[in-house]
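The block underneath contains the structure these notes are about, expressed in structure tokens.
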Amino acid sequence: MNPPLFDRLRLPVIGSPLFIISGPELVIAQCKAGIVGSFPALNARPQALLDEWLHRITEELAAHDRDHPESPAAPFAVNQIVHKSNDRLEQDLSTCAKWKVPIVITSLGAREDLNTAVHGWGGITLHDVIDDRFARKAIDKGADGLIAVAAGAGGHAGTLSPFAIVQEIRQWFDGPLALSGSIATGGAILAAQAMGADFAYIGSPFIATREANATPDYKDSIVASRASDIVYSNLFTGVHGNYLRSSIVASGLDPDALPDGDLKTMNFGGGDGSKAKAWRDIWGSGQGIGVIDAVESVADRVERFASQYAAARARLLR
């Protein structure tokens, strides 16, 4: 059974946290449209900016709820990178505690004390995983739910088929489960549920929205590209991820002859960080972008998802 905070969702969708790209504008628009909006805590630089962002998000969503009691906003989430190089984690967690962030998404490491802290202020934690082994570890350490990051997902992605990873997790886990990987239509959202997931975890389609903090070239490249334009490499952060071919070429590299990266190069320090360049100049994207044909508002994109979702359900019922 899913926690009551998900009852507010118009669609079973969580907007995934996009490094650099997700900010208050995108999160607020997603929540007002009826899906979970999220952002990485590390997007707020310097660290003190995180308090300002959470203040703004909390106040604007509360105002929306007062003005629209018939369609209250969906809850929001903050992504915390648990990797040991993130020297901001404790500060960011304290700020989240101050604002009682309803959902915390953890990545690149699972920590029992972090889950306990979030539970202490009444929040829940979702941990992203690329296989069943990591899923079991996360639940053993107190995570409330899982995000299965399957093949084709944007950014740091796994290699397993979505069918495989969801089936294995559902053999033993009946809690909240989101599925990530090439989901870019309402029909794909319904398919994720049919496989056993509770939510679709969607990122790349929201890059090509007016509220996203992405350059016009980045948004246009999302619209112009297809699945065959995605390159899977560990060169840029030390962990395998999916990136737009056009951005690799623009950086003077051969996307078909990239050397291997080194896990030791991963760094999520509190400064600007060398890894910001990996996402600013080498653009992350999932394989589902072939159906994204325009830059539009978050509200319009979610409305399109809702129409497609309803049509897919009607088609199956026929």
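Could you grab the relative contact order for the chain? Cα pairs under 8 Å, six or more apart, rounded to a whole percent. Present the calculation step by step, with values, prior to reporting the outcome.
Values: 669 pairs, mean separation 57.8, N = 318.
So the answer I get is 18 percent.
Give, in whole angstrom and from largest to smallest, the semi-axes √(5λ) of the equivalent ellipsoid of the range 64-145, with λ running over the eigenvalues of the Cα gyration tensor.
Over the Cα atoms of the range 64-145, the ellipsoid semi-axes are 25, 16, 11 Å.
From Cα pairs below 8 angstrom and at least 6 apart in sequence, can you work out the relative contact order of the range 77-119, rounded to a whole percent?
For the range 77-119, the relative contact order is 54 percent.
Where does the range 158-218 land on the Kirkwood hydrodynamic radius, alpha-carbon pairs, in angstrom? Walk me through the numbers on the way to the answer.
On the way: mean 1/r = 0.0778 Å⁻¹.
Computed over Cα pairs of the range 158-218, the Kirkwood hydrodynamic radius comes out at 12.9 Å.
With the contact rule set at Cα under 8 Å and sequence spacing of 6 or more, what percent relative contact order holds for the range 141-254?
On the way: 157 pairs, mean separation 26.1, N = 114.
The value is 23 percent.
For the chain, give the share of DSSP beta bridges that are antiparallel, in percent and rounded to the nearest 5; count only bridges with both residues there.
Just about 20 percent of them are antiparallel.
Need the full-extension length gain, S251 to E59, defined as separation in residues times 0.36 nm minus the C-alpha distance. One decimal, nm.
Taking S251 through E59 to full extension adds about 65.1 nm, to one decimal.
Can you tell me the Rg and Dmax of the range 166-262, counting just the alpha carbons, in angstroms?
In Å, with Rg to one decimal and Dmax whole: 16.2, 47.
In the range 1-103, which GluC sites (Glu not before Pro) are in a loop and have at most 15 other Cβ atoms within 10 Å, using DSSP for the loop call?
E70
In debye, nearest 20: dipole of the chain around its Cα centre with unit charges on the Cβ of K, R (+) and D, E (-)?
The dipole magnitude comes to about 380 debye.
For the range 1-107, count all C-alpha to C-alpha pairs, find those more than 20 Å apart, and express that count as a whole percent of the total. Kindly include the intermediate steps, with their values, before the conclusion.
Details: 1951 of 5671 pairs.
Above the 20 Å cut-off, the range 1-107 has 34 percent of its Cα pairs.
Taking each pair of distinct Cα atoms in the chain once, what is the resulting Kirkwood hydrodynamic radius in Å?
19.5 Å
None of the figures in this text is laboratory data; all of them are computed from the coordinates on show. Note that the coordinates shown come from a computational prediction; the quantities given were computed from them, not determined experimentally. Methodologically, a virtual Cβ is constructed for each residue, glycine included, from the backbone with ideal geometry; neighbour enumeration extends over all protein chains shown.
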